[in-house]
2 protein chains.
Amino acid sequence: MVGIADVARHAGVSTATVSRALSGAHNVSPATRLRVEASAAQLGYVVSSTASSLASGRMKNIGVVVPFLNRWFFASVVEGAQQALQRHGYDLTLYNLTGGLEARRSVFEHFLLRQRVDAVIAVSLELTEHEVARLHALDKPLVGVGGPLAGVPTLTVDDLAVARLATEHLIALGHTRIAHIGGDKAFDLDFNLPTNRRFGYEAALAAAGIEARREDYRPADFTTAGGYQAAKQLLGRPHERPTAIFAASDEMAIGSMLAARDLGLVVPRDVSVIGVDDHEQAAFFGLSTVAQFPRQQGEKAVEVLMEELRPHPEPRTGLNINMPFELIVRASTARPPE
Amino acid sequence: MVGIADVARHAGVSTATVSRALSGAHNVSPATRLRVEASAAQLGYVVSSTASSLASGRMKNIGVVVPFLNRWFFASVVEGAQQALQRHGYDLTLYNLTGGLEARRSVFEHFLLRQRVDAVIAVSLELTEHEVARLHALDKPLVGVGGPLAGVPTLTVDDLAVARLATEHLIALGHTRIAHIGGDKAFDLDFNLPTNRRFGYEAALAAAGIEARREDYRPADFTTAGGYQAAKQLLGRPHERPTAIFAASDEMAIGSMLAARDLGLVVPRDVSVIGVDDHEQAAFFGLSTVAQFPRQQGEKAVEVLMEELRPHPEPRTGLNINMPFELIVRASTARPPE
DNA sequence: CCGATCACTGCAAGCGTTTGCAGGATGATC
DNA sequence: GATCATCCTGCAAACGCTTGCAGTGATCGG
């Protein structure tokens, strides 16, 4: 192993100077810096992060906690965060809560506490007060993505507005009988997201003077299969059939389109469908949707964190940052049948 | 911060003993161990991983490198690995190569070298000799998932056999005109996987005395959309139409099913479709497929690594481990039309 | 021309564990 | 009862960096 001492010797300076030169401190003469950098490069020296961390207290490492990885949304957030971190020279260590309560406990009682991360990004996670406290105790910055977290800076899309936008799009097309496939109550990993989207949907209807019928709402589990089932039920009643469906996720929306087809209905002639996410398959299915941009959310979370990590000049700033979303109209929505 | 010294004082022993007791060394009396553990728990002590790493040279951390995260297969492998690692008390730090060559270089020339990981798992990555050498130089164990890697223990499914199995299934049903949607040549992130699957397909045909027609092969990009396009072409010729399609991935197979429908064909009456992966959507679409088990691959990779990490009694063992796969017959395959 | 200021650089004390070595008990052996 | 192995435990030296502090010339203002 080539250590800092080797570089120091090779460059004819002290290890202190090497350290400073390589970490970009300002109090090193340009000539020395150049010499040191050359030596380091020549010897293939890379600073030992453990030693550096121990001495400095900085880990150059961020913990990212996700409920699971296996879904497009989460994977995209993580991917975005990873790339942003890499640009900043940070590592990303991944904590996954798929393992159940046991795993969750061990993450919060153990893994996150062993001084390995400078900060934590929690994605779509409803943290308990105790968990937040645990992290605050270390005073490691914590930022959330997706859903307000008490006392924690968080990036969210305004789910209410998203749902309203989608619903208004259908209303503007002339639909008056609009069904909604929302989140299952049990599926509460994501905050009150399902609830918020439902509220947005109802708000839009109300604003247009349309009554929200109870039988036009179906909960599902955010999967294609779940959306399919729900849509089958919604569209199965020939006379009482809604002319449009707003699904709280693209996966469910795609399921709905397939259900419609299987019922002999043509989208969008007989029924319009709109989702949320702009899932990678949405374009393929010609699905209208309200896009959110998970990669960007990951990147933005990192930015916020980097700011938070900077030697605090002022106390921390705004606690809640709204992320953009955008209506994308494709082929799955149109005027209702006459 | 509560350090090891606090625990030592509280338990009335030396820090050395605390360290040994907590790390499960065998030379601590049961009574002492209990006392130490109690003190540690009471004080909420968690060992500082940096200090521990610096002193011991063990990081309790594994680097996992993936080409991208955004695909079901990779996300699943990572998820499996993550959970297995967590059980072993290891962290997982994630390196993503989506960022292009620049990112790739920085990962291999910098991130992996700074003594932060004990070992590396490379998923579906074709490493250059130089990259492998770089890692070997640190003599960090390295295991690959998916595709043989020169001189590196690797977990693979036998792609040739997988393809043969799928094709044989179609042949056994009576099909003689079987098309194949394979991997695009440009899409070479995954080893020669596309090529191997094609060979398996051709081998099965040959073994059954069926000639493989060039026009029955179409390359695509492993997406649903790509599969859709390819299938449209394959099925677009009324007379020359194949009665079955073997797609090299479930995404492409699903695209094929949708293409068939749009052409007015009924699956499996008019055309059978089979894929590879057992993607999470496969069951929903009733897609027959050859399953591989990415989560398990991730877990197994960790096991192999843990073995490799154990103080080498013997030189390393077998270099290539074959992972299981399995034919799953659903509704998308049947006898060909009369 | 002198003291003050400034820009660099080196010295050495940590950072919080782990672990080889040695010492003290205790028990086993003859 | 002496000898020796065995089992625990403590001492203190690493581990490889960072950084406060002090020291050295050089530069500058008066």
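The values are calculated or read from the model by the stated rules, or taken from the named source; none is laboratory data. Just so we're clear, the structure is a prediction, and the values are computed from it rather than from any experiment. Note: ideal-geometry Cβ built from the backbone for every residue, glycine included; neighbour counts use all protein chains shown. Accessible surface areas use protein heavy atoms only, side chains included; no ligands, DNA or RNA. Shrake-Rupley method; radii C 1.70, N 1.55, O 1.52, S 1.80 Å.
Which of the helices (runs of 4 or more DSSP H) found entirely inside segment B:1-96 contain at least 2 residues meeting this: more than 10 Å from DNA strand C (Cβ to nearest atom)? Reasoning before the result, please.
Values: elements: B:4-11, B:15-22, B:30-43, B:49-56, B:72-87.
Here the list reads B:4-11, B:30-43, B:72-87.
The requirement of being touching a residue at least 24 places away in the same chain (Cβ under 8 Å) and not assigned by TED's automatic domain parsing to the domain that holds B:Ala204 is fulfilled somewhere in segment B:307-314, by at least one residue. So for segment A:123-139 (the condition being more than 18 Å from A:Gly151 (Cβ to Cβ) and part of a loop (DSSP other than H, G, I, E, B)), does at least one residue qualify? So far as segment A:123-139 goes, no, none of its residues is more than 18 Å from A:Gly151 (Cβ to Cβ) and part of a loop (DSSP other than H, G, I, E, B). Taking the criterion of being within 8 Å of chain A (Cβ to nearest Cβ) and under 20 Å from B:Leu305 (Cβ atoms), the residues of segment B:93-126 that qualify are B:Thr93, B:Leu94, B:Tyr95, B:Asn96, B:Val107, B:Phe111, B:Leu113, B:Arg114, B:Gln115, B:Arg116.
Condition (residue is at pLDDT 90 or above and within 22 Å of the chain's Cα centre (by Cα)) applied to segment B:122-138: is it met by at least one residue?
Looking through segment B:122-138, at least one residue is at pLDDT 90 or above and within 22 Å of the chain's Cα centre (by Cα).
Per the conditions (1) at pLDDT 95 or above; (2) under 17 Å from A:Ile181 (Cβ atoms), the sole criterion not satisfied by A:Gly298 is (2).
Let's see how each residue does on (1) closer than 23 Å to A:Asn61 by Cβ; (2) free of Cβ contacts under 8 Å to residues at least 24 places away in the same chain:
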| residue | (1), (2) |
| --- | --- |
| B:Ala5 | no, yes |
| B:Val18 | no, yes |
| B:Ala21 | no, yes |
| B:Val36 | no, no |
| B:Gly44 | yes, no |
| B:Thr50 | yes, yes |
| B:Val66 | yes, no |
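Could you tell me whether B:Arg58 is farther than 13 Å from A:Gln82 by Cα, open to solvent by 30 Å² or more (accessible area, probe 1.4 Å) and away from DNA strand D (no atom under 16 Å from the Cβ)?
Numbers: farther than 13 Å from A:Gln82 by Cα: yes; open to solvent by 30 Å² or more (accessible area, probe 1.4 Å): yes; away from DNA strand D (no atom under 16 Å from the Cβ): no.
Here the answer is no, as B:Arg58 does not meet what is asked.
Residues in segment A:257-265 include at least one that is within 12 Å of chain B (Cβ to nearest Cβ), without any contact (Cβ under 8 Å) to a residue 40 or more places away in the chain and open to solvent by less than 10 Å² (accessible area, probe 1.4 Å). Going by the structure shown, is A:Val157 β-branched (Val, Ile, Thr) and open to solvent by less than 10 Å² (accessible area, probe 1.4 Å)? Considered against the rule, which asks whether it is β-branched (Val, Ile, Thr) and open to solvent by less than 10 Å² (accessible area, probe 1.4 Å), A:Val157 comes out as no.
Table: residues versus (1) within 19 Å of A:Pro67 (Cα to Cα); (2) aliphatic (A, V, I, L, M).
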{"site": "A:Gly147", "(1), (2)": "yes, no"}
{"site": "A:Asn196", "(1), (2)": "no, no"}
{"site": "A:Ala208", "(1), (2)": "no, yes"}
{"site": "A:Asp216", "(1), (2)": "no, no"}
{"site": "A:Pro219", "(1), (2)": "no, no"}
{"site": "A:Gln229", "(1), (2)": "no, no"}
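In segment A:184-193, is there at least one residue being assigned by TED's automatic domain parsing to the domain that holds A:Gly236, within 20 Å of A:Asp221 (Cβ to Cβ) and small (Gly, Ala, Ser)?
To start, the set of residues in segment A:184-193 that are assigned by TED's automatic domain parsing to the domain that holds A:Gly236 comprises A:184-193.
Now restrict to residues that are within 20 Å of A:Asp221 (Cβ to Cβ): A:184-193.
Checking the rest, the ones that are also small (Gly, Ala, Ser) come to A:186.
Yes, segment A:184-193 has at least one match.
Starting from segment B:70-92, keep only residues that are facing chain A (nearest Cβ under 8 Å), then list their pairs with residues that are open to solvent by less than 10 Å² (accessible area, probe 1.4 Å) and among the acidic types (Asp, Glu) whose Cβ atoms are within a distance under 6 Å, requiring at least 6 positions of separation or different chains. Short answer, once both residue conditions are applied: B:Asn70/A:Glu79. Here B:Arg237 does not fit the description of being free of Cβ contacts under 8 Å to residues at least 40 places away in the same chain and not in a loop (DSSP other than H, G, I, E, B). Just one of the listed residues (B:Arg269, B:Arg310) is farther than 30 Å from B:Asp139 by Cα and open to solvent by 70 Å² or more (accessible area, probe 1.4 Å), namely B:Arg269.
Among the residues of segment B:28-83, those identified as of a type in the set (D, E, K, R) and over 18 Å from A:Ser53 (Cβ atoms) are B:Arg33, B:Arg35, B:Glu37, B:Arg71, B:Glu79. Taken over segment A:20-53, the residue count meeting the criterion of being within 12 Å of DNA strand D (Cβ to nearest atom), open to solvent by 50 Å² or more (accessible area, probe 1.4 Å), touching a helix residue (DSSP H, G or I) at 6+ places or on another chain (Cβ under 8 Å) and more than 14 Å from chain B (Cβ to nearest Cβ) is 1. Here is a check on your reading of the model: is B:Gly63 away from DNA strand D (no atom under 16 Å from the Cβ), under 30 Å from B:Glu126 (Cα atoms), in contact with a strand residue (DSSP E or B) (Cβ under 6 Å, 6 or more places away or on another chain) and of a type in the set (Gly, Ala, Ser)? The answer is yes for B:Gly63. For A:Arg164, the criteria (1) at pLDDT 95 or above; (2) of a type in the set (Lys, Arg); (3) closer than 30 Å to A:Leu97 by Cα hold in every case but one, which is (3).
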